[in-house]
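Take a look at the structure below.
The values are calculated or read from the model by the stated rules, or taken from the named source; none is laboratory data. Just so it is clear, the structure is predicted and the values come from calculations on it, not from any experiment. In this analysis, Cβ positions are derived from the backbone assuming ideal geometry, glycine residues included, and neighbour counts consider all displayed protein chains. The protein model used for the area step is the full one, side chains on, heavy atoms only, and it has no ligands, DNA or RNA in it. Shrake-Rupley method; radii C 1.70, N 1.55, O 1.52, S 1.80 Å.
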Amino acid sequence: MFQRSLIPSLLLFPFAFAQAGDRSLIDTSASPHAKMYMVEIDDVHWRDGFWGERFQVLQDSMIPYMWELFQDDYESHAWSNYLLAAGLGNGRDGHFHGPPFNDGDFLKWLEAVVNVYALTKDPELDELMDKVIDVVGKAQREDGYLHTKTIIPQRQGVSQAKEFEDREHFETYNMGHLITTACLHYRVTGKDSMLKLAIKAADYIDGLCRDVPHDLARNAICPSHYMGVMELYRVTGDEKYKDLGAQMIEIRSLVPEDIGSDHNQDRVPFREMEEAVGHAVRANYLYAGVADVVAENGDMTLLDPLEKIAEDVATQKLYITGMTGAIYDGASPDGSKKHNSIKLVHQAYGRDYQLPNLTAYNETCATIGYNLWNWRMLTLTGDSGYMDLFEQTLYNGIMAGISLEGTEYFYTNPLRKLDDFDWPLRWALTRAPNIKNSFCCPPNVLRTIAEVHNHMYSLAEGELYVNLYGANDLDTHWKNGDQVKLRQSTNYPWNGAVRLDFEKAPKSKFALQLRIPEWVDSEKTRLVVNGKTIASGVAGGQYFEVSRKWKAGDVVELDLGFEVSLYESNPLVEETLGQVAVKYGPLVYCMESNDLPEGVDIMDVALSMDAVEGGAVFGQKQIANTTVTTVTLPAWHLQSERWKSESLYRKARKQEAKPIDLEFVPYYAWGNRGDTNMTVWLQAR
């Protein structure tokens, strides 16, 4: 299959590229159908606070630890595979090892390195990037194909090694991450060393799309290459890549019926889709890539299903933590009258309201993919609801995927963990220093943390959007050259007080668009400019506009009404019926057995529906050298008889209840104090 020689059409770069640093992580500044665009990649710098601390851990611990892991032939084979393919090493035994998608996962880590370099300009990181890119370039075939699992045996003369032998080998996924990282590297450094590799890879994919579209469509697994080629179009201006992105959506309908399935979202043509189905990572990457296409070509026949699917997820398939992909293993379309259409799915979207706690899959990569999609939907629509989802997912779903010290990981993310539940699930429910069988999530978390600063603000003509809150300095400019410089001071997400100090502003009037999250207590939310109250009782779920001629010295004080709240789920979510969860600001909280009084079981406690009315007690706790804010609420200890393991049912008895206080910690911080029981949802009494 695919026995062709594709010579990259662009080796001398006949384009007028943007100057380095003049573009952003995801560049929609010239996208005709985008409502806004990112600030440049080095326009926002962290100071202190939540994200400043996380970025420092990323720089000092997460990135170096993972690089050491990648270089260890017995812990990870990703770097060895590249060296082998490049003819520069022999690895453990001269053969490929590890999962076939390790090439792309390694490049996610490199993307995190590029982002850190963008803010620090650390010469050691620059040298490291050059070293890695040189090896990747030597590993890549001359025709642009990059997949070390195939290239290593091919270069060793194994004639049976063929491209795209198995659609689960993730070739296009690997090349997609090459292209995405290369675009960012070029924008940050101005060097074209990796961009040349990206163009070769994209030209290879383009040739396949023209000559063997059926085969390319069949092998679009976790389609990171959709986002990759669209970003390459934005870098180069070559219409070929924009057309390629659109055409790759069209050819999905060519997948044969006996191969297509909901698992890979290719059972039906994209325009006929109305709900999220199948493997959640593959789905969310697909939806993000389609959104990129819409931003450039304005195809409303693609936006319509995207919006329907987004509504389906947000209202019927999303965990309170912002995570997606509830099901370990299942079938889809589940319950269909067309039995022959039903096929296996795993780590997948399930039925509407199917959101288990103990057995929740919630792969960290799926949650990251969901935010890649949310950001692009925000850019397309300007709807603050997508940014609310982005924030919910970022703090609760993504940050849970890595330990506070940055060296241990979760692959799956349950909302409850009990020692008594001993079903043999594939993935550990304790944090691990390595996930050898599938190391896709850890580097994905790293690149996400490295890129948070890019999402803090957006620009549009005459508008500055404040999307997220965190202590940082902004120095940016609009496309017309007008400059704005400000300092954001806040202790968010621990409280809702935000202050913006303008240090420079254009002479012309512009609108400051402040996101007011949907969850705020509107009665406590107010806005003050230069000491004068502009608005009080501000409703959540909007960008609140303040339009005026701003000047240096102007001060904006936004007080977002934070409160501790109990949340309940739709009664159709069977596994949380009669239960409540605790939220404070954007954070979901959980209870760990570490914090329970002696002799109290985590399943024998209940919260009163009026628990927050008496006033929550806030505290601070050191967990893994990190300070978090805790919430303590009055609760009940239910004096119940222990269940016998062989009992499935018993007569219900009235339970005595004794008052106790329960301490809750942020969900993202759970599992950092050893093997512990945990729950997000508690009985309501």
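Table for the structure above
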quantity	calculated
Helix-only mean residue ellipticity at 222 nm for the chain, each DSSP H run of n ≥ 4 adding -39500 (n - 2.57), per residue, nearest 500	-9500 deg cm²/dmol
The chain, accessible surface, carbon-and-sulfur percent (1.4 angstrom probe)	47
Centre separation in Å (Cα based) which lies between the range 208-239 and the range 340-381	23
³J(HN,Hα), Karplus 6.51/-1.76/1.60, whole Hz, each residue of the range 611-622, x for Gly, Pro	4, 7, 5, x, x, 6, 9, 9, x, 10, 9, 8
Angstrom value of the Kirkwood radius, inverse mean 1/r, which spans all Cα pairs in the range 543-685	17.6
Charge dipole (debye, nearest 20) of the range 522-667; +1 at Cβ of Lys and Arg, -1 at Cβ of Asp and Glu	380
The range 66-108-the range 301-326 distance, computed between alpha-carbon centres (Å)	36
Probe 1.4 Å - accessible area at I26, Å² to nearest ten	20
Relative contact order, percent, the chain [alpha-carbon distance under 8 Å, six or more residues apart]	12
Straight-distance crosslink candidates among lysines, where the alpha carbon sits under 17 Å from K242 and sequence neighbours closer than 8 are dropped	K200
Area projected by the alpha carbon convex hull of the range 482-618, averaged over all directions, nm²	11.2
Solvent-accessible surface (1.4 angstrom probe) belonging to T180, in square angstrom, nearest 10	30
Within the range 73-128, trypsin sites (Lys or Arg not before Pro) in DSSP loop having at most 12 other beta-carbon neighbours inside 10 Å	R92, K121
Cα-centred dipole magnitude for the range 277-394, charges only on beta-carbon of K, R (+1) and D, E (-1), debye, nearest 20	520
Signed unit charges on C-beta, dipole axis of the range 568-664, positive-most listed residue Q639, G614, S593	Q639
Volume per residue of the C-alpha convex hull in the range 123-211, rounded to whole Å³	100
Under 25 Å between alpha carbons - lysine pairs in the range 559-658 that sit 8 or more apart or on different chains	4
Candidates per chymotrypsin sites (Phe, Trp or Tyr not before Pro) in the range 644-678, loop by DSSP, up to 16 other Cβ within 10 Å	Y649
Length added when fully stretched, M603-D473, from 0.36 nm per residue minus Cα-Cα	42.3 nm
Separation between Cα centres of the range 186-202 and the range 497-557, rounded to whole Å	40
Qualifying trypsin sites (Lys or Arg not before Pro) in the range 300-403, DSSP loop, other Cβ atoms within 10 Å at most 14	K337, K338
Residues of the chain: accessible area per residue with a 1.4 Å probe, Å²	38
Kirkwood-based shape ratio for the range 31-115, expressed as Rg/Rh from alpha carbons	1.13
Exposure of E165 as accessible area (Å², to 10), given a probe of 1.4 Å and all protein chains	120
Near-label residues of the range 260-278 by backbone N, under 18 Å of a point 7 Å along Cα→Cβ of L254	260-261, 265-271
Whole-number D in µm²/s for the range 73-116 (Stokes-Einstein; Kirkwood sum over Cα pairs; 4 °C, 1.567 mPa s)	119
Cα Rg, Dmax (largest Cα-Cα span) when computed across the range 271-402, Å	14.3, 43
Rg(Cα) / (2.2 N^0.38 Å) computed for the chain, rounded to two decimals	0.96
Semi-axis lengths (Å, descending) of the ellipsoid that matches the C-alpha gyration tensor of the range 26-77	33, 19, 7
Cβ-based charge dipole, the chain, positive-most Cα from Y328, A652, S29	S29
Quotient of C-alpha Rg and 2.2 N^0.38 Å, computed over the range 145-277	1.09
